[in-house]
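So the structure is just underneath, and the comments pick up after that.
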């Protein structure tokens, strides 16, 4: 299918979008919805779209990912429109990208979804930490694709080697190979340096987390799909002045603010980077220090743009990412945001039943924010979860938390450690997860914990 868009303002960054539906690949959005999201990404990156084309495949073509006929069709579209950029809504492996560039022409730039997201992150990163994380992700993405930049020199190298037959069969190393090795070595050196710098950032964050835990101030993280309204929500409930915009990945760097709940308790709320379907693995790895802030939280507020036609698919994509970063065990409040934009908000409130522990809000108009703060208060301080667990004697700090913040029903000592039966605030359960057996079930909805300890 081809969709042509004729409102072209400039040809400098003119691009064609290619949607690919691989039956074997898990997706939360349909191909059409995913392509619409790619269009937003492309516009955010500064590209102008002239047309779109799609293809459904049972399995990828080993050479070019898409079929040969589709490659010819794209080449014709590029010639007709004058576009010089072709963007695929899927991550291309180095071979696919190299072969597509050969077939589409050397003056055509072939990009994929990952390259677009990395470019947007590079544009929006402001702090030193954010810049380091994006730079690392970009280098790790580019390294396996480096060879295509030196194909013209590689051909020269082959000729030089071919003319050296009189050297007894030992080929001379040509300039292309030498330059490629130098480039690889420099990039690997830079990657190592960036990882060391980010490890220092990670250690710095870890020290801050330890200090915060000692202060016993609960930590709440805002998570959600990009452009769901997390920064606007934090601004409204904390009086912060974080940059907000109706665009993808408007803010990257985490921001933490102190908030007072209705009963007077103090908490820390952190705004985190937005998620997206097919979030590049390079970004997940590079942003490890930032994402650990989420996995160490006492409570998550999952902000969902309820006005978006793919709200449920976006919710699933975020839940999937939380599982990938080992944060799926943390209690969650689902904040159904932008309810004021719906034609019938009352009907939308009925959808609350579809989401566990949810509150309908509008961060823009402040509708529902008092109820959200009350829900945070209940989840952090009033909901007590029963646990039956044996703690090693080395975990005296966890035992102290049970005594200080929980309600102890039984405590006894044995050879394995301290056996405790108690009720503790739901926000503390994550700290005890390493000592719960694999068969244990934590159900924050029903506030029950089954344990074999």
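Please list 73-82, 296-305 highest first by mean number of surrounding beta-carbon atoms within 10 Å per residue.
The peptides rank, most packed first, as 296-305, 73-82.
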Of the listed peptides 233-239, 93-99, what is their order by residue-averaged count of other C-beta atoms within 10 Å, with the highest listed first? 233-239, 93-99
What is the packing order of peptides 48-56, 28-36, 223-231, 389-397, taking the mean over residues of other C-beta atoms within 10 Å and listing the highest first? 223-231, 48-56, 28-36, 389-397
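When 429, 408, 134 are ordered from fewest to most other Cβ atoms inside 10 Å of their Cβ, what list results?
Ordered from fewest to most neighbouring Cβ atoms within 10 Å, 429, 408, 134 come out as 408, 429, 134.
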Residues of region 195-209 with amide nitrogen under 13 Å from the 7 Å Cα-to-Cβ point of residue 285? 195
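No lab work stands behind these numbers, since they all come straight from the coordinates. For clarity, every value in this text was computed on a predicted model and none was experimentally measured. A quick note on method: Cβ atoms are made from the backbone with ideal geometry, for glycine too, and the neighbour counts reach across all protein chains shown.
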